[in-house]
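Contents: one structure, followed by commentary.
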Amino acid sequence: MAAVACDTLIGRLADFAAAVRYDALPAQVVAECKRILLDSLGCAYAALGADKGRLAMQAGRDMGGPAEASVFGGQERLSAASAAFVNGELINALDFDACTIPPGHVAPYALPPLLAAGEAARAGGKRIIEAIAVAHEVCARVGSAMSHYRDLTPGQRLGFPPVTGYSSTIIGSTLACALARGMPRDLTAHAVGLAARMAPAQSMTKWIQTLPATDDKYLMAGWMAQAALQAVLLASNGYRGDVAALEGEYGFWRYMGVRKWNPRALTDGLGTDWRFPDLTIYKPYPTCRISHTVLDCLGAILADHALKPHEIENVAAYCDPHAATLPMFANTFIASAGDAAMNVAYAVSMIVHGVRSGPAWHDDATLNNDRLLAFMRKVTVLPHPRFEEMLAAEPQSRIGRVEIRARGRTFESELHYRKGSPATPRTRMADTELLEKFTHCASRAKAGSAERIAAMIFRLEQLDDIGELARIW
């Protein structure tokens, strides 16, 4: 196979991945990789008892194949492709997973293929950390190079573009999978070129217009994980990819349907300026982050005034304009399990009724609780009038406001940043808080081994073989 020119964008990305060494990574990068892995495993454990988790597990079993890679949360080993599918679906099932913005969701697409490939190759913990870092850094940079659904036009309200999504994550996911497998630089470049052609159409805007919510979500995580793994396997067997897929007027950005392409955002400072740690947020609630500032405001009011559900006449939630204008976020009923991971009024009802954040929000009994569902009709979702202004001033801002009518008066709270955001020391989720979330998420499926799993992740660089962790996760 002919050598890949270094002057293509894919060639430069392959050079970057090949040059990454654990010992040269900044401490913040190493720490964030471990935090992302810990959080993602917890999200997967939380989903095991949910409707989508059960469906994904059964689908993975039905796919068949040799026992090559471990599935999160059980003792099962499936084919690498099947395990990547199941693990991706589990991480993303409850919308509890971390986001690196832009583009948004990364971990459910990137971690499963690199872990499956790393387990098969008996990669050490240092190599896995390198791969996680490469995945998230490249995904963040490609996301920044392309238009995003929170790009602002001066003087206009924020609206969803006709075409958007997370398909760009296949570039970083494939690089990381190849790195975990130990592929040489030129084969890695061909794998990325193949992956760029295999990326699914960006159908997120259509998905959020569709009720009830379908199980494929804004991008099917399991399929995306399989696509990255498949691209690596094809390249390792001699398939040639388009190593110029990111170049020119008709490159990846164009056929992904986006409006902007700035390749300098992809390459400037690559290898020295690590951006993803300051762009990664963690979720304290198992629901779309679109409502999280509102939920923080709501929790503060309830804590300060001890309001009871029966005392509340109505709740006005001022948040992201997307939440106020799209039925998937703003309606006051739940018609499918998928609706519960997006709906603002449902999340408000969970907080008001004291349902602990975690797997309980998605239990069948909760989803069918008439009292909890009836409260949703008291909630009105509205666009915050200063949302665009604050977002333009500070990209991490997600201003939200809550007004509760109860006891003959109105209780109010407003916050500029949501918990889990790295924007401020107050909102950044500390390791202890992530560990508490992980332990709670693991309490049903891995209660006896959660502490050991977490300890192993926090010393991941000491593992000679990622299989040591895979055998107990």
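Since every read-out is calculated from the coordinates, none of them should be taken as a lab result. Please read all numbers here as calculations on a predicted model, not as lab measurements. Cβ sites come from the backbone with ideal geometry, for glycine too, and all protein chains shown count toward neighbours.
Using the structure shown, select from Lys217/Lys378; Lys34/Lys206; Lys34/Lys308; Lys378/Lys446; Lys206/Lys308; Lys206/Lys446 the pairs with a Cα to Cα distance greater than 32 angstrom.
Violating the 32 Å limit, Cα to Cα: Lys34/Lys206; Lys34/Lys308; Lys378/Lys446; Lys206/Lys308; Lys206/Lys446.
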Just order 300-310, 201-211, 95-105 by mean Cβ neighbour count inside 10 Å, highest at the front, would you? 95-105, 201-211, 300-310
With charges set only on the Cβ (+1 for Lys and Arg, -1 for Asp and Glu), what does the dipole of the range 1-115 come to about its Cα centre, in debye to the nearest 20? 140
Report, in whole Å, the centroid distance computed from the Cα atoms of the range 434-473 and the range 212-242. 26
Amide proton proximity set for Asn314, modelled H, under 5 Å, gap of 5+: Arg405
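Quote the relative contact order of the chain in percent (integer), defining contacts as alpha-carbon pairs under 8 Å separated by 6+ residues.
Rounded, it is 20 percent for the chain.
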Total charge dipole magnitude, the chain, about the Cα centre, Cβ charges on Lys, Arg, Asp, Glu only, Debye to nearest 20: 420
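Peptides 342-354, 285-297: what's the order by average Cβ count within 10 Å, highest mean first? Don't skip to the answer; put the middle values down first.
Working: 342-354: 23.5, 285-297: 25.5.
Order by mean packing, descending: 285-297, 342-354.
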Computed E for Ala67/Glu389 - FRET, C-beta separation, R0 41 angstrom, nearest 0.05: 0.15
Out of the trypsin sites (Lys or Arg not before Pro) in the range 12-121, which ones are loop residues according to DSSP with at most 13 other C-beta atoms within 10 Å? Arg21
FRET E, pair Asp363, Glu412, Förster distance 35 Å, beta-carbon r, rounded to 0.05: 0.65
Label model pair Thr424, Lys260: point-to-point distance (7 angstrom along the Cα→beta-carbon line) in nm is 2.6
Would you give the gap between the C-alpha center of the range 97-116 and the C-alpha center of the range 69-88, rounded to a whole Å? 16
Per its Cα gyration tensor (rounded if a/c is under 1.5, else prolate when a/b beats b/c, else oblate), the range 289-427 is best filed as prolate
